[in-house]
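Enquirer: I'd like to ask you about the structure that follows.
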Amino acid sequence: MASSRNAELDAFLSSLPGKSAGDLARLIERDRLSGKGGTPLPHEQILASLRPSLRAQGGAERTPTPLRLFCNAFQDLLSMEEPQVKRPGRIARSSIMPVWNWISTELLPERAPQLEAEIRDAILAEDAETRDTLVLELQSEAAEAMTAAIAELEPLTEKKPKKRQALATRLGLARRIDDAAEMAEILKIAEPLGKLQAQLPRPIPDLSDQMIGVIKKAYDWFTENRAEHAVYVILIVMARLEKPETVLRIGRALSWRMDDTLLSNTDLAITGDLLVGDLERLSDSIVQQVRERGPAEKIAETLKTFTAAFSALTKEIGIRREGRWGKRLLAMRAKISEAMTGELGQWEKVMAAGLPQARDTRTGFYSPDIRRPPQEDKSATLMRFAELMSGVRTSADACAFGNEYRSAQAGLTKELDQYVEKLYDRLRSAEDPELKAHGVAFHRITVELTRILSGEDAASIVMRRGKAAAA
């Protein structure tokens, strides 16, 4: 009975429109923050049920909490990724709670809970000035404590790093030590970084001259006052850009020479590595989708995203084939080309299975086999193949499988045209109603295939001629 009520509550809450979900989430979070009231509410269950609506709403205003405010400094770098090795400039979201608990229970066992309680009181009192001052204190003290604790760890070259292993166990993963170290570095500059974050919209649609001026001013300040942290200006901007690869335009404003060898000696190196790394992950995703025969639409859209980012990135940098980034970019494009070439090479097999033909014993020629109706799974495979052909058309040359695409397109279109002509003859000559019904079913498939591959006008012609042949 209880599980049934929980399911009903979940269904109701997850269906709430964005504004209602946001308003309710703020009330629930405020109630949880106060820790007061009569019957305790199932805060976590309610918030979990509201998350689909909150995500759909985008950047909905949320009730501040001590943890949320503590993380504001590095929120732009948070990622849902769970990499084997830490990527500089990215912090796994899953690292937040282990690090927060480490700070609260071991590094600052008295001070952190005290500041957390004072921040909570300031939030409930709507005293933003006191709240922000306390948050900066917590961030500063946590940064100092984390930096000191990590500095005491053995070097990575140590054979039996007991302290490092103990902390890795405490945090759950060795990689989270590196996440904690980067959190500490960002928390050290939380105040000046927060001023920049307040000036940057989320998302940034494009880098206007005015926006570049704001960024350059912040970068120059960091270069002069906190040079070791200047890169975070670039990383935060990249995280907020609608098209992250355009962040490299900032290099020109900073008078850096843009090529993939000299960039390795600048603050844009981490940024470029992240962009190239993201493209590598995107290319791996494409290859996996192709090999697993994933949805055609998804493959096509992911390819378009890849080609757009690839093109923008190579335009922003003078890519050299022998350069560090150049080699990686060429390698990922080659992987996609190989996967797509293999997939497109299946067109004859897919065509023969979806639109089968049989040899006429009298004439010796092949014609559409309408003795049985279309097989749903094979028809669906053929339709998916046609949708894939249509979807990847604009990406083929950019991803180095253009010749293979044109060969498959020409072969498939020619084979379909010939099949359709033979099918008209079969429809005209079929006297058995069952055979004719099978032929009509195959005809419907050819109409849809023609629409996907050649457009509505060509499909209309095939439809009219087929109807006439079956009449």
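Derivation of every value follows stated rules applied to the coordinates shown; laboratory data play no part. Note that the structure is predicted; figures quoted are calculated from it, not measured. Cβ sites come from the backbone with ideal geometry, for glycine too, and all protein chains shown count toward neighbours.
Enquirer: For the stretch 334-461, what is the relative contact order in percent, using Cα pairs closer than 8 Å and at least 6 residues apart in sequence?
Expert: 30 percent
Enquirer: Another question, if that's okay. Which of rounded, prolate or oblate describes the stretch 68-188 when judged by the alpha-carbon gyration tensor and an a/c cut-off of 1.5?
Expert: Values: a/c = 2.43, a/b = 1.70, b/c = 1.43.
Because a/c hits 1.5 or more and a/b exceeds b/c, the stretch 68-188 counts as prolate.
Enquirer: Suppose the chain between ALA128 and ARG26 were pulled fully straight at 0.36 nm per residue; how much longer would it get relative to their current alpha carbon spacing?
Expert: Numbers: separation 102, 0.36 × 102 = 36.72 nm, distance 1.66 nm.
Gain in length upon complete extension: 35.1 nm.
Enquirer: Counting residues in the stretch 347-470 as N, plug N into 2.2 N^0.38 Å and put the Cα Rg over that result.
Expert: 1.09
Enquirer: Most exposed first by the Cβ proxy, i.e. fewest other Cβ within 10 Å, how do MET383, MET183, MET146 rank?
Expert: Result, fewest neighbours first: MET383, MET146, MET183.
Enquirer: Which value, in debye to the nearest 20, gives the size of the charge dipole of the stretch 201-343 about its Cα centre, when Lys and Arg are +1 and Asp and Glu are -1 at the Cβ?
Expert: Dipole about the Cα centre, nearest 20: 140 debye.
Enquirer: Say a site is exposed when it is one of the trypsin sites (Lys or Arg not before Pro), sits in a DSSP loop, and has at most 13 other Cβ atoms within 10 Å; what is then the longest site-free stretch of the chain?
Expert: After excluding every exposed loop site, the longest remaining stretch is 372-471.
Enquirer: Cut-off is 10 Å between beta-carbons; in what order do HIS438, HIS443 appear when sorted fewest neighbours first?
Expert: HIS438, HIS443
Enquirer: Rounding to the nearest 20 debye, state how big the charge dipole of the stretch 68-188 is about its Cα centre with +1 on each Lys and Arg Cβ and -1 on each Asp and Glu Cβ.
Expert: Rounded to the nearest 20 debye, it is 900 debye.
Enquirer: OK, next. Please report, in whole Å³, the volume per residue of the convex hull around the C-alpha atoms of the chain.
Expert: 236 Å³
Enquirer: At a 10 Å Cβ-Cβ cut-off, how would you order VAL276, VAL237, VAL350, fewest neighbours first?
Expert: VAL350, VAL276, VAL237
Enquirer: Place a +1 charge on the Cβ of each Lys and Arg in the stretch 348-471 and a -1 charge on the Cβ of each Asp and Glu, then give the dipole magnitude about the Cα centre in debye, rounded to the nearest 20.
Expert: Approximately 240 debye in magnitude.
Enquirer: Now for a separate question. What is the angle, in °, between the Cα long axis of helix 2-14 and the longest principal axis of the Cα atoms in the chain? Nearest 10 is fine, range 0 to 90.
Expert: Once rounded, the angle reads 90 degrees.
Enquirer: Under 28 Å from the Cα of LYS335, which lysines turn up, not counting those fewer than eight places away in the same chain?
Expert: Of all the lysines, those that pass the test against LYS335 - Cα under 28 Å, at least 8 places apart if same chain - are LYS86, LYS243, LYS298, LYS304, LYS315, LYS327, LYS349, LYS378.
Enquirer: Which value in nm describes the separation of the simple spin-label points at GLU82 and SER454, placed 7 Å from the Cα toward the beta carbon?
Expert: About 5.0 nm separates the two model spin labels.
Enquirer: For ARG362 and THR394 in the same chain, what is the full-extension length gain: residue separation times 0.36 nm, less their Cα-Cα distance, in nm?
Expert: Full-extension gain reported as 7.0 nm.
Enquirer: I would also like to ask the following. Can you list which of the GluC sites (Glu not before Pro) found in the stretch 347-448 are DSSP loop residues with at most 11 other C-beta atoms within 10 Å?
Expert: Loop-located and lightly packed - GLU431.
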